Amino acid sequence: MNMKIRKSLKKALAAASVLFACIAANPRLLAEYHSSEEIKGIIEEVNQKHSFYASIGTINFAEREMRKIETYTRNAEKSLSGGNNGKAYYEIMKAKNYYKLIDAKKLLIETETKARAYEVSR
Amino acid sequence: MKRIQTGFGLICLACTIIAALPSVEKRPFLLYAGIREQAKSEIEEARLLMKQMEDNAEIKQHIPHQQYYNSKVFLDTSLFQFEEEREYETASFYAVLAMIEIETTQTMAKTRMWEHKRLVMEKDYFMNYATRTSRSIKNTFDLMSNGFRQDGGRFTATLFSFSLFQGDNNELSPSGQLKLNSICTIIQQYPRSMVTITGHTREQDENKELSLARAKTVSNYFETKGISSRRLSVRGAGNQHLVEIDGRILSIDRVEINLTGVR
């Protein structure tokens with residue numbers, strides 16, 4: 001009887017090891033620690049910014065960036081509704097970062113136009 | 001007994017698989033290959049962008065250091081996640097961030113380049129303006145100290161006939177020649193200027209011919225001194241114009257030399 005218990009224990013231990021190995025092999029993404037509410041907040045912020053940028057005609061000089069933002073926001077919403085918070089966080093952060101590039105482009109156009117106007121008016 | 005043990009073992013295995021399923025579902029091993037390839041191509045793209053930016057000689061000196069550093073950090077993090085941690089989703093995320101940061105850095109460098117160009121143009125303009133202004137002040141000073149008076153962009157020297165000509169004729173006196181010599185030197189300093197010589201007579205004389213002849217004498221004298229005839233024009237005004245000297249309106253025999261286009 002003692003022998004049987006030992007054997008059973010060995011198997012249980014082996015099973016526990018396999019389970020542990022599976023969990024250890026799949027560490028959670030850092031981004032997965034972000035809550036749905038937090039991600040929803042960021043999506044809301046990105047959407048508001050997108051509406052504002054669209055209203056000032058950003059599409060004329062940063063169409064590619066605006067399209068990318070739309071795609072990443074859609075992906076984030078899809079991932080969030082599928083319960084994949086990590087992916088959703090990554091996608092919405094990519095979208096959010098594109099605004100920095102749009103701002104830089106806007107400043108470049110303003111500066112270049114100013115310099116060219118100066119060159120012509122001299 | 002053996003069957004019970006095998007059954008127990010199978011149950012344990014099934015439990016293990018069921019427990020591991022949610023994790024497998026979230027990040028399926030089979031799909032890793034696709035994510036890995038995506039991350040790899042994004043890293044390559046980011047690297048290429050970085051190389052292009054670093055090789056662009058025109059904007060290289062204007063690259064903002066902070067932005068450049070951020071780009072490097074994102075690219076290195078992406079590589080680390082890909083090669084060391086084997087977290088391909090995270091690697092892909094950082095590769096995209098690196099691409100955005102590199103493009104932003106490049107755009108900012110171009111902005112700084114244009115700003116620099118504008119400042120150089122502005123500096124040139126002000127330097128030229130200062131040079132032109134100081135030259136203009138110098139010209140005015142030189143001409144006024146040599147007996148010219150300024151009237152807008154025109155400088156006029158009035159030479160009385162009694163100090164230029166011998167008696168009532170139109171021949172130059174030696175002192176008149178000396179006076180004209182000094183004026184000639186001034187005119188020669190401004191090769192782009194135009195000279196108008198106008199002869200005037202007294203109120204009681206209506207002798208236009210004399211005034212014209214005197215203006216021509218002065219003009220001819222200037223020509224003998226090397227001033228091109230294309231720059232010289234003559235007029236005989238007779239007694240039509242009066243002159244104000246010391247607050248008094250006078251009608252005097254004189255020759256006026258107008259200088260325009262002094263630069």
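Here, each number is a calculation from the coordinates, and none is a lab measurement. As the structure is a computational prediction, the values presented were derived from the model and not from experiment. Don't worry about glycine lacking a Cβ; one is built from the backbone with ideal geometry, like all the others, and counts go over all protein chains shown.
Tabulated data
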{"item": "Percentage relative contact order, the range A:30-121, counting C-alpha pairs under 8 Å, at least six apart", "result": "36 percent"}
{"item": "The range B:146-260: translational diffusion in µm²/s, Stokes-Einstein, Kirkwood Rh over Cα pairs, 25 °C, 0.890 mPa s", "result": "174 µm²/s"}
{"item": "Principal-axis tilt of helix B:65-80 within chain B, Cα atoms, nearest 10 degrees", "result": "20 degrees"}
{"item": "Nitroxide proxy distance, nm - points 7 Å out along Cα→Cβ at A:Val120 and A:Ala54", "result": "3.2 nm"}
{"item": "Peptide-level mean, for A:76-89, of C-beta atoms on other protein chains within 10 Å", "result": "1"}
{"item": "Which listed pairs, of A:Lys68/B:Lys60; B:Lys72/B:Lys110; A:Lys49/B:Lys117; A:Lys96/B:Lys60; A:Lys96/B:Lys110, have C-alpha distances above 30 Å, in listed order", "result": "A:Lys49/B:Lys117"}
{"item": "Within the protein assembly as shown, percent of DSSP bridges classed antiparallel, to nearest 5", "result": "80 percent"}
{"item": "Global form of the range A:30-121, assessed from the alpha-carbon gyration tensor, a/c cut-off 1.5", "result": "prolate"}
{"item": "For the range B:180-263, size of Cβ-based charge dipole, Lys and Arg +1, Asp and Glu -1, in debye", "result": "500 debye"}
{"item": "10 Å-binned pair-distance histogram of chain B (Cα, whole percent)", "result": "6, 18, 14, 8, 6, 7, 8, 8, 8, 6, 4, 3, 2, 2, 1, 0"}
{"item": "Angle between chain B longest axis and helix B:2-26 axis [Cα atoms, degrees, rounded to 10]", "result": "10 degrees"}
{"item": "Inter-label distance for B:Ile137 and B:Lys40, nm, one decimal - labels placed 7 Å from Cα along Cα-to-Cβ", "result": "7.2 nm"}
{"item": "Ascending count of other beta-carbon atoms within 10 Å, so fewest first, for B:Met99, A:Met66, B:Met127", "result": "B:Met127, A:Met66, B:Met99"}
{"item": "Cα Rg, Dmax (largest Cα-Cα span) when computed across the range B:31-137, Å", "result": "21.2, 81"}
{"item": "Estimated vicinal HN-Hα couplings, Hz - the range A:99-116 in sequence order (Karplus 6.51, -1.76, 1.60; Gly, Pro = x)", "result": "5, 5, 5, 5, 4, 5, 5, 4, 5, 4, 4, 4, 5, 5, 4, 4, 5, 5"}
{"item": "Tail weight of P(r) past 37 Å, computed on alpha-carbon pairs of the protein assembly as shown, percent", "result": "59 percent"}
{"item": "Principal-axis tilt of helix B:208-224 within chain B, Cα atoms, nearest 10 degrees", "result": "60 degrees"}
{"item": "Efficiency of FRET between B:Lys60 and B:Lys225 - r from beta-carbon atoms, R0 56 angstrom, step 0.05", "result": "0.45"}
{"item": "In nm, spacing of pseudo-spin labels at B:Ser145 and A:Glu110 (7 Å Cα→C-beta vector)", "result": "5.0 nm"}
